[in-house]
Amino acid sequence: MAGEKNTSRRRFLLGGLGLGVAGVGALVLGWGVLPPRQRLNGSAPLPVTDGAVALNGWLAIATDGTVTLAMPRSEMGQGVHTALPMLVAEELDVALSKVKLIQAPMDKIFGNVAMLADGLPFHPDDRGRVKALAQWTVAKAARELGVIVTGGSSSVKDGWGPMREAGASARAMLVGAAAALWQLPAAQCRTENGEVLHPDGRRASYGSLAQRAAAIDPGTPVLKAPKDFKLIGQPAPRRDTPSKVNGSARFGIDARPPGMLYAALHLPPRLGDTLAAFDAAPVLAMPGVKKVIDLTPRLAQRSVSCAAVVADTWWRAKQAAAALPTQWRAGPQSNLSSAGVYAEFARLLDSEAGYAYHASGEVESKDVQGLRQVSAEYRAPFLAHAAMEPVNCTAQVKNGKVMLWVSTQAPGIAVDVAAKVAGVDAKDVVIEVLLLGGGFGRRLEVDMIAQAVAIALQCDGAPVQLVWTREQDTQHDMYRPAALARFSARLDAQGGIASWDNKSVSGSITHQFLQRNFGLPGAGPDKTTAEGEFDMPYEIANQRIAHVIADSAVPIGYWRSVGHSHNAFFKESFIDELAHAAGRDGVAFRRGMLARHPRHLAVLDAAVARAGSAPPGHAHGVALHQSFGSIVAQVAQVAVENGEIRVRRVVCAIDCGIAVNPNIIAQQMESAVLFGLSAALGGEITFKEGKALQGNFHDYPVLRMGQEPLVETIIIASAEHPEGVGEPGTPPIAPAVANAVFILTGKRLRSLPLRLG
């Protein structure tokens, strides 16, 4: 089948990427030197309605001048359904309100190139040819893969080129059409507010020119210079806000196809348990129950072993699933505990050298006279995603076709897994991507989609909506990995860092993700394990940063800011420890190691200047961290009240390159700070006898409104390429708070979540 052929090609390319830099070198031969495939026109015409005319694979123009834009990225509160249309509207010279969105078809031009290219384990300061060649080749491979996915704070970064080119190309076609109509040189025409204008007063609307424009060769798109931007850089209001306020917004859980049934799961009590038997009779006798299904045989490695109950309402399905008599066969993780995980981590740090992601100079100096050694160990727990919208998927399998209604970050992967489970070709799967009530990486996974399709297969063509309970979501998540890190540094007589040695251990998300979703074995280094440690900007001559991958019996997945989420806490806390040991102020200590990093220094200085002095009874903690291409400094104003850590104010400065929409950037910094603060003060999943002990928000707390600090955002003006915004605000908050707590109490908190008792 065609779907199997496409999947095989994807597996081959992903396998090649998994070989690391050496594998990249092999791919270059005979292929990597060629230019990357274009992303302007798709393999099929853009589907349009109501007389609209497609001018390329991304956009079409209707007779009334409305621009239809194919949107390949999922909106999960991060504002991409506002920021990305701004790129097209800017180049096309139309009002943002004239751009309407349709879901992008499953075409490779919409694949996320930037997200995959950013996964290479190179230091940001590396300007070498090997890095440039590797990035070029992986970007080409990503274009061939064409995986449509939203993640890695990459949406604007990835869309910056192709979406602007789509707008500029269409603009050139419209100008060409007007020039031909008027029999005038195109160079004499200009565009403004959805019209082509000539100095003699002639003007024509885009809608009137669209049909003619479709026959015009646009040539090479000429993009606007930043000095000519009218929309990019302006604080445009969010386009999704009105519908979310008035209740008309449709999330995945709002899907209501006619004749829909509801499904609930009966999941194993412990990790790795398999369903041995169940008694369906008492459940089938309950009101509204239609079916009881064993999903284990159908799903194999795509889901945990489980049963499902289908009923006419979700509450009835939930109650019946909870009452289902089952027998479980214990798996190898039945004795797993968090204590055991950390003990194994310690053993691996003692016995393994790890993979060195970055090394320079000589860490083990032979001349140790006059050097003071400082060592510390830090740890971080497993974390759940805890998105507000429960895990869900609605599926229908009928007449050899599959229909999906789902809030997903990975529609491309969702279509593939649905096709495999249903036994159809990928072209026979239709997906409607609805708004996401939070994603944070959890909706990069497709286990809920595989489950929903497997259930729908047994429901005689009726659509079925599967919804997980909050407890199931918390206790059967793909968790942020736990981690353990050890640091050892030597201070010279002047209080500078003479050497820095850092080794950490955790599971590999990428290894597990490739196995779960593509059937590929995990192998080689994984940047996400050590990001935030090996790529720090501090100018330390002698340093070695290594990581040991531990096989994880706990399912792990991408969590907002991924490895940076805990590695920033480790690194920035230890920097503060060294500053204290050297008898120096933490800010001055950092400044002294940023002489060749003016952008980092400017971000740090901006945050510190805005924060001013801490009021009586409070302390300021500082952290500086770069992730997803953006540089963030945060100053947390902290107090200790009745034995509790209270964060009152956070000043957050960011350099993310060109700021497409300052409003959205500020919103994302606020969101990221609160998300990271929830984890810093209360986030922890602990395992005992193979089971996650937390189940709902009473024992896995998120920040309440009364606990939220004032967050002030400073956006540093920049002409650099736009970088990530959705995640970079999360990593610095935990170390900033911990560093403030040390000033207040003298206690160095080296374990998350931060607890004084």
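The values are calculated or read from the model by the stated rules, or taken from the named source; none is laboratory data. Remember, it's a predicted structure, so these values are computed and weren't measured experimentally. A quick note on method: Cβ atoms are made from the backbone with ideal geometry, for glycine too, and the neighbour counts reach across all protein chains shown. Heads up: the accessible areas ignore ligands, DNA and RNA and are worked out on the full protein's heavy atoms, side chains in. Shrake-Rupley method; radii C 1.70, N 1.55, O 1.52, S 1.80 Å.
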Residue separation between Val130 and Ala322 times 0.36 nm, minus their alpha-carbon distance, gives in nm 63.6 nm
The local net charge around Ile743, scoring Lys/Arg +1 and Asp/Glu -1 for residues other than Ile743 whose Cβ lies under 13 Å from its Cβ, equals -1
Output for the range 211-300: trypsin sites (Lys or Arg not before Pro) sitting in coil per DSSP, at most 15 other Cβ within 10 Å, listed by number, reads Lys230, Arg250
Correct response: the longest run of the chain lacking exposed chymotrypsin sites (Phe, Trp or Tyr not before Pro), defined by DSSP loop and at most 15 other Cβ within 10 Å, is 230-696
Note: probe point = Cα of Ala719 + 7 Å toward Cβ; backbone nitrogen < 15 Å; residues of the range 598-619 passing the test are none
Between the alpha carbon centres of the range 648-675 and the range 191-257 the gap in Å comes to 26
Of all C-alpha pairs within the range 543-626, those more than 22 angstrom apart amount in percent to 41
Magnitude of the Cβ-charge dipole (Lys and Arg +1, Asp and Glu -1) of the range 539-598 about the Cα centre, nearest 20 debye, reported as 200
One finds, for Lys230 and Leu184 with R0 = 30 angstrom and r their Cβ-Cβ distance, a FRET efficiency to the nearest 0.05 of 0.75
Stretched fully, the stretch from Leu693 through Ser351 gains (0.36 nm per residue minus C-alpha distance, one decimal, in nm) 120.1 nm
About its Cα centre, the chain carries a charge dipole, from +1 on Lys and Arg Cβ atoms and -1 on Asp and Glu Cβ atoms, whose size in debye to the nearest 20 is 560
To the nearest 0.05, the calculated FRET efficiency linking Glu364 and Asp460 through their beta-carbon distance, R0 being 56 Å, is 0.20
Over 18 Å (Cα to Cα) among Lys98/Lys227; Lys244/Lys318; Lys398/Lys420; Lys318/Lys401 -> Lys98/Lys227; Lys244/Lys318; Lys318/Lys401
Output row, site Thr686, 7 Å Cα→C-beta label point, backbone N cut-off 20 Å, window the range 328-348, residues 334-346
Note on the range 111-216: alpha-carbon gyration tensor, axes a ≥ b ≥ c; rule is a/c under 1.5 for rounded, else prolate if a/b larger than b/c, else oblate; result prolate
Here, Asn663 and Ser334, labelled 7 Å along Cα→Cβ, have an inter-label distance in nm of 5.7
Projected onto the charge dipole of the chain (unit charges on the beta-carbon of Lys, Arg, Asp and Glu, signs +1, +1, -1, -1), the Cα from Gly247, Gly201, Pro36 with the largest positive-side position is that of Gly201
When every protein chain stays in place and a 1.4 Å probe is rolled, His580, His620, His566 sorted by accessible area with the largest first are His580, His620, His566
Each label sits 7 Å from Cα toward the beta-carbon; between Leu710 and Gln494 the label points are separated, in nm, by 4.0
Taking a crude spin-label model, label points 7 Å out from Cα along the C-beta direction, the Ala376 to Lys747 distance in nm is 1.5
If each part is reduced to its alpha-carbon centroid, the range 342-357 and the range 126-172 end up apart, in Å, by 35
For Leu601, the accessible surface traced by a 1.4 Å probe with all protein chains present amounts, in square angstrom to the nearest 10, to 50
Taking a ≥ b ≥ c as the square roots of the eigenvalues of the Cα gyration tensor, with a/c under 1.5 meaning rounded and otherwise prolate when a/b exceeds b/c and oblate if not, the range 413-478 is prolate
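So what is the relative contact order for the chain, in percent, with contacts set as C-alpha pairs under 8 Å and at least six apart?
Once divided by the residue count of the chain, the mean separation gives 14 percent.
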By the C-alpha gyration tensor axes a ≥ b ≥ c (rounded if a/c is under 1.5, else prolate when a/b exceeds b/c, else oblate), the shape of the range 680-729 is oblate
Whole-Å distance linking the alpha carbon centroid of the range 691-716 with that of the range 503-574 is 24
For the range 690-752 the trypsin sites (Lys or Arg not before Pro) that pass both the DSSP coil test and the at-most-16 other-Cβ-within-10 Å test are Arg704, Lys747, Arg748
Length gained, Ile540-Gln103, 0.36 nm per residue minus C-alpha separation, equals 152.5 nm
Quick calc, Val702 & Arg202: beta-carbon distance into FRET formula, R0 51 Å, rounding 0.05, result 0.30
Farthest towards the positive end of the dipole of the range 358-444, among Gln373, Val363, Gly400 and with Cβ unit charges of +1 on Lys and Arg and -1 on Asp and Glu, lies the Cα of Gly400
Per the charge dipole of the chain (beta-carbon charges, Lys/Arg positive, Asp/Glu negative, Cα centre), the residue among Gly563, Thr82, Ala609 reaching farthest to the positive end is Thr82
For the range 300-404, the dipole about the Cα centre with charges only on Cβ (Lys and Arg +1, Asp and Glu -1), to the nearest 20 debye, works out at 800
